[in-house]
Amino acid sequence: MERVAERHLTCVADQAPEVIRVTEGLDWEKADVYAYGSTLYEMVHRKKLFGGMTDFQIMDLVVRRQERPAVAADVPAYVVLRLACTVGTQGRH
C-alpha cells in the first residue's frame, strides 16, 4: 500500500479527493475529470481555486469536510454544468 507521504502531489487544489486519500482501485479517468473541473473553475472565475489556503487546509476541506467551491451567480448555465465536475464524491465526477 502506498502512503501519501511517499507520493508527489503537484497541486493539491486540482486533485480529486480519492487521489489525496490514496484510494485503492482509483479510476484515474474520473480523477482527471475532477482536475479538469478545477482548471475550468480557475479560468471562469479568474482566480486560484482555494486561493490563500495551505495544502493541509485544502485537504481538510475537500477530503474530510467534503466541501466544494461555490460558483459565482453570473456564470452561464452551460459553464455551471461543466463545473459540476468538481462536485460530488468518489466516482461521481
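May I ask you to evaluate 6.51 cos²θ - 1.76 cosθ + 1.60, the Karplus curve with θ = phi - 60°, for each residue of the stretch 58-69 and list the ³J(HN,Hα) values in order in whole Hz, giving x for glycine and proline?
Karplus-based 3J(HN,Hα) across the stretch 58-69 equals 5, 4, 5, 5, 7, 8, 6, 8, 6, 8, 10, x Hz.
Students often check this: by mean Cβ neighbours within 10 Å, which of 25-37, 43-55, 64-76 ranks highest, and how do the rest follow? Mind dumping the intermediate values first?
On the way: 25-37: 15.5, 43-55: 12.9, 64-76: 11.4.
Answer by packing, highest mean first, reads 25-37, 43-55, 64-76.
Read the figures in this text as sums done on the coordinates, not as results from a lab. Keep in mind that what you see is a predicted model, and the values were worked out from it rather than measured. Neighbour counts are summed over all protein chains in view; Cβ atoms, including those assigned to glycine, are modelled from backbone coordinates with ideal geometry.
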